[in-house]
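Read through the structure below, which is laid out as structure tokens, and then see the notes.
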Amino acid sequence: MSLPPKPRIEPEADIHSLLEVRWSPRAFTDEEISPQTLRPLFEAARWSASCFNAQPWNFIETRRGAEAFDRLLDCLTPNNQSWAKNAALLVLAIARLNFENGKPNRHAYYDLGQSVAQLTLEATAAGLGVHQMAGFDAARARERFQIPEGYDPVSTIAIGFPGQPERLPDKLQERELAPRERSPQRAFLFAEQWGVASPLTEDPRPKS
Ligand SMILES: Cc1cc2nc3c(=O)[nH]c(=O)nc-3n(C[C@H](O)[C@H](O)[C@H](O)COP(=O)(O)O)c2cc1C
């Protein structure tokens, strides 16, 4: 099983197929995910690089059908709830803001995001769909999950086996089938100084 293909993206350079096929689905099947399939996702997160190897990430995983899943679902925006309720797993991703010596870790959010990226690619390789969400009430999540001071609930993550778009309301079906979009490399890759597009952004491959 794998993510249903979106209209083919047009990479400006050849990239690994996992990166090419990954996208953020909203339609999921009812299938549960076994612990054997889930454990490697968090193991992939564990082996992420981090500043001073501080590993400033925590995750709270909740499975559909459990009370905690509904508790987390209730923290999402209504729009996100409308589809995330069908995910097999909802995860709260939390950054630890200080190093063990008490000094602020300016890179905690960066490192948390990187560990989620690793989790996402491991999940993609397992045929799972991952959809990250900023649309949730962090204060409510803090209270409902008793997150201590010094930790910040940053995002929520819906994970499940990808399902048919027809399961979604019409408006979301459209988005599910829409092509993925990205700004061109020249918009963000500079060489030698700010604002000067790098020559690397020119695609040397013959135009098809
Ligand atoms: C930190 C973060 C927050 C996001 N928040 C939401 C959200 O609240 N709701 C939603 O439907 N998608 C959300 N997304 C998904 C993005 O919209 C999606 O990744 C982006 O449009 C690119 O599409 P792709 O992942 O399919 O390539 C979020 C993604 C990230 C990384």
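Nothing in this text is a laboratory measurement; each read-out follows from the coordinates by a stated rule. These figures come from a predicted structure and were not determined experimentally. In this analysis, Cβ positions are derived from the backbone assuming ideal geometry, glycine residues included, and neighbour counts consider all displayed protein chains.
Is there a residue being surrounded by fewer than 16 Cβ atoms within 10 Å (Cβ to Cβ) and on the phi > 0 side of the Ramachandran plot anywhere in region 56-72?
yes
Go through region 59-106 and count every residue that is more than 17 Å from residue 30 (Cα to Cα), within 16 Å of the ligand (Cβ to nearest atom) and part of a loop (DSSP other than H, G, I, E, B).
Looking only at that region, the number is 3.
For residue 22, all conditions in the list (1) within 13 Å of the ligand (Cβ to nearest atom); (2) surrounded by fewer than 18 Cβ atoms within 10 Å (Cβ to Cβ); (3) within 20 Å of residue 134 (Cβ to Cβ); (4) of a type outside the set (Ser, Thr, Tyr) hold save one; what is the number of the exception?
(2)
Can you name the residue in region 25-58 that is part of a helix (DSSP H, G or I) and among the charged types (D, E, K, R) and is also farthest from the ligand (Cβ to nearest atom) among such residues?
The residue in question is 39.
If I go through region 154-186 residue by residue, how many of them are within 12 Å of the ligand (Cβ to nearest atom) and touching a strand residue (DSSP E or B) at 6+ places or on another chain (Cβ under 7 Å)?
6
Is region 83-99 home to any residue that is free of Cβ contacts under 8 Å to residues at least 12 places away in the same chain and out of contact with any strand residue (DSSP E or B) (no Cβ under 7 Å at 6 or more places or on another chain)?
no
Restricting attention to region 118-146, report how many residues are of a type in the set (A, V, I, L, M), in a helix (DSSP H, G or I) and loosely packed, with under 15 Cβ neighbours inside 10 Å.
Residues that pass the stated criteria total 1.
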